[in-house]
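Quick notes on the structure that follows.
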C-alpha cells in the first residue's frame, strides 16, 4: 500500500503496517523542501508513527560526485533531526534512481523481514530513554550506542535506573552484535547492565571496565572488544570458554597471562599498542589464526608460536626485534606479515625469502621494500 505524503489532505491515520517507507525528493543542492519537512512533522505528530519502523530513501538525480547521501548534507541532517525520536529508523545512503531501485528494494525487504513488531517496540523504548536512537542494523542484529555527532555513547551519563531499563530492553531485543564504546562506564555499572551483555559479539572499547569484572557477565560471548580500558594486566583464565576472538589493543598491558587450553580456543588476538616487554604463548594453544603484537617493546617472540600451524596473519609492527625467528618461514598458512616501521631493520635476505613464500608484507605508508 502506498500513500503520497504530498497529497493535500491530512495523512491518513490507522496504517495497518509496522513498517513505513518514505521516498523523499531531493533539491538540487541535496536539501529538503520546507513543505516536505512540514508534512513529515505532521505525520510525526499523529499516533501513526508510534511503534513503527521508518525507512527513508532519497530520490533525485544521481551524479558521480553525489550518488550517496552523506551525513553532512542538509537533506541528511534535516531528516535525522525530524526522526530523532524514532528508534527503528533507517536512512539509506544510496539515492533512488533506475540503477539503484532493485538494490534498495531488496535492502528494505530484508530489513522488514528481519525486524519484528517486538524489535520495533524495544528500539522505541530505548530511544525514549536515550533521547536519540541507537544504530540498529536488523539484518546483522547489530546494536551500536555510539553517537557520531558527539563522539560519545548514548549511555554516557545515564543514571543507574535508566541503565537498568535500557539493559532490559537490550536483553529483550537480543542483538547478536552489541557495541558500547566511549560510554565512560566502569565495573560499578556491570550489575545494572549484566542482562544486556549476552550477545555473541560484544565491544566495550574506551571505557573503564576490568577484564575480570566484565568476564563474569558476558554469557556465551565469542568476540570480545576491550580496547582502551586502561588495563595493566590481562588474565585470560577467567574468560568464558566460548571466547574465540579477543581484542585488547591500546591498553597499558604490562602482563599478559595466556588462556589455558581448557578455557578457550582463541582464533584471533590483538595486543597491539601496549607495554609488553615479553609474553608467553601456551604450547597447546594452536588454533590461533590472526595475532597482532605490534607497537609493544618486545625484543623476542615466543618460540611456542611455531606450533601455531593455522596462523595466517601476524602483526609485529614497531616491536624491538632486529631479525625474524626462523620458525616464521615454516608456518604453512602464513599469508600476511605486518612489519611496519621495522622493515628497514630486518635483513633483506629474510624479506626476500618471505616474498618467495608469497607472504604479503605490510609496510609503513609509502615505503617500498627493495
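A short reminder: the numbers here are calculations on the coordinates, not readings from a lab. Predicted model only: the values in this text are computed from it and were never measured. Reconstructed Cβ throughout: ideal geometry from the backbone, glycine too, with neighbour counts over all protein chains shown.
Between residue 299 and residue 265, the contour length at 0.36 nm per residue exceeds the alpha carbon distance by 9.6 nm. For the chain, a Gaussian network of Cα nodes joined below 10 Å ranks 269, 248, 277 by mean-square fluctuation, and the top entry is 277.
In the chain, what % of DSSP beta bridges are antiparallel (nearest 5)?
So the antiparallel bridges in the chain amount to around 10 percent.
For residue 23 and residue 200, the FRET efficiency from 1/(1 + (r/R0)^6), where r spans their Cβ atoms and R0 equals 45 Å, is about 0.85. Rounded to the nearest 10 degrees, the inclination of helix 117-130 to the longest alpha-carbon principal axis of the chain is 80 degrees.
The candidate values are (i) 34, 23, 20; (ii) 46, 26, 17; (iii) 38, 22, 20; the one derived from this structure for semi-axes √(5λ) of the Cα gyration tensor in Å carries the label (ii).
Across the alpha-carbon atoms of the range 53-113, the computed radius of gyration and Dmax are 11.8, 33 angstrom.
Projected label points at residue 46 and residue 287, each 7 Å from Cα along the beta carbon direction, are separated by 5.4 nanometres.
With the simple model of a label 7 Å out from the Cα in the direction of the Cβ, residue 310 to residue 275 spans 3.3 nm. Where only DSSP H runs of four or more residues are counted, the chain gives -6500 deg cm²/dmol as its mean residue ellipticity at 222 nm, each run worth -39500 (n - 2.57). Applying 1/(1 + (r/R0)^6) with R0 = 45 Å to the Cβ-Cβ distance of residue 77 and residue 237, what FRET efficiency is obtained, to the nearest 0.05? Working from the Cβ atoms, E equals 0.40. Angle of helix 34-44 to the longest C-alpha principal axis of the chain, folded into 0 to 90 degrees and rounded to 10: 90°. Applying 0.36 nm per residue to the separation of residue 148 and residue 97 and subtracting their alpha-carbon distance, the gain on full extension is 15.6 nm. Counting only alpha carbon atoms, the long axis of helix 160-173 and the longest principal axis of the chain meet at about 90°. Placing dummy labels 7 Å off each Cα toward the beta-carbon, the span from residue 109 to residue 341 is 5.0 nm. FRET efficiency for the residue 349 to residue 254 pair, using the beta carbon distance and R₀ = 25 Å, is estimated at 0.15.
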